[in-house]
Amino acid sequence: MMFDIKNLSKSFGGVAAVNDVSFQINEGELFGVIGPNGAGKTTLFNLITGFLKADSGEISYFGTNVVGKRPNQLVQKGIVRTFQSTNLFLGNTVLENVVMGSYLTHKPSILKNIFISTKAQEQSALEYAEEVIEFVGMSAYKDLVVDNLPYGHKRLIGIAIALACKPKVLLLDEPAAGMVEDETKELINIIKKVHQTGVTVVLIEHDMKMVMNLCEKITVVEFGKKIAYGTPQEVRQDEEVIRAYLGVES
Ligand SMILES: Nc1ncnc2c1ncn2[C@@H]1O[C@H](COP(=O)(O)OP(=O)(O)OP(=O)(O)O)[C@@H](O)[C@H]1O
Ligand SMILES: [Mg+2]
């Protein structure tokens, strides 16, 4: 098992954003997290990736509790995320973004990168960045400054930056948000390809069809609580899920 999340909670003032949530993710799984706006999905990602510290509960990653670890420490352990909104290094090219992304997320060694990185190391970082850019289909754009690229391209660059960090598990926070249909199709292909290379994928997505088609297991959250967990088939028929999505009183 990759993740064993037990009784995880995080509150902001009076708001229980994540409330006593437990679930497991197996290595190699394509895992979906769905739920209405404000349900606590992004907070869950922030907890798993060390951007927030849980108030209580445990996040066991390959048997070790990682609550309290910082994002860069977790990146080095293979836990890498993308953000709900794009945050690229403006004024820089696609290639520069991907190279810098991998350096910045490996923060503890950034000094090492600056001061004692050898030409060979720089070269290999550059080559890997180019490989990753090719993987997301952005090679034709690699020398363009990111600022004026279409939104969908920016989102793919966000994924490329994450991939450059060599994830064991890639957590994608609404990667299809703001994408047009063709871009979403391309994104789905990329997610499938990433998964096929053996990377575990955790996907937050509002596009129900996409989650149902892609994911092997899904957990559903509402008001910080897990309300369902199972295969797409199981989740689709779950009464709590139907109630949450249709707003029908139970
Ligand atoms: N840093 C924060 N400070 C205060 N409240 C927060 C913070 N982050 C999240 N919240 C609150 O926690 C709850 C869960 O928010 P979260 O962003 O995790 O939801 P979400 O499921 O990702 O929603 P969306 O689908 O809109 O992205 C919301 O009520 C939100 O207002
Ligand atoms: Mg969110």
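The values are calculated or read from the model by the stated rules, or taken from the named source; none is laboratory data. Predicted model only: the values in this text are computed from it and were never measured. Here Cβ is always computed from backbone atoms with ideal geometry, including for glycine, and neighbour counts include all displayed protein chains. These area figures cover heavy atoms from the full protein model, side chains too; ligands, DNA and RNA do not enter into them. Shrake-Rupley method; radii C 1.70, N 1.55, O 1.52, S 1.80 Å.
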Quick one: TYR128 ticks every box in (1) modelled with pLDDT of 95 or more; (2) aromatic (Phe, Trp, Tyr); (3) more than 21 Å from THR184 (Cα to Cα) except a single one, so which number is it?
(1)
Checking LYS193 against (1) within 16 Å of ligand 1 (Cβ to nearest atom); (2) within 19 Å of the chain's Cα centre (by Cα); (3) at pLDDT 95 or above; (4) of a type outside the set (A, V, I, L, M, F, W, C), which test does it fail?
(1)
For a quick check of your reading of the model, give me the residue pairs whose first member lies in region 39-55 and is within 9 Å of ligand 1 (Cβ to nearest atom), whose second is among the acidic types (Asp, Glu), with beta-carbon atoms closer than 9 Å and at least 6 apart or on different chains.
ALA39/GLU222; GLY40/GLU222; LYS41/ASP173; LYS41/GLU174; THR42/ASP173; THR42/GLU174; PHE45/ASP173
With the structure loaded, tell me whether LEU156 is in contact with an Asp or Glu (Cβ under 9 Å, 6 or more places away or on another chain), open to solvent by less than 70 Å² (accessible area, probe 1.4 Å) and part of a helix (DSSP H, G or I) or whether it fails that test.
yes
Which condition number does ALA177 fail, the rest of (1) open to solvent by less than 20 Å² (accessible area, probe 1.4 Å); (2) out of contact with any Phe, Trp or Tyr (no Cβ under 7 Å at 6 or more places or on another chain); (3) within 16 Å of ligand 2 (Cβ to nearest atom) being met?
(1)
Some residue of region 59-74 being touching a helix residue (DSSP H, G or I) at 6+ places or on another chain (Cβ under 6 Å) and at pLDDT below 95:
yes
Collect the residues in region 197-231 that are over 17 Å from the mean Cα position of the chain (by Cα) and either at pLDDT 95 or above or of a type in the set (Asp, Glu) (or both), keeping them in residue-number order.
GLU222, PHE223, GLY224, LYS225, LYS226, ILE227, ALA228, TYR229, GLY230, THR231
Can you list the helices (runs of 4 or more DSSP H) found entirely within region 1-107 that contain at least 2 residues being crowded, with 19+ Cβ neighbours inside 10 Å and within 16 Å of ligand 2 (Cβ to nearest atom)?
41-48
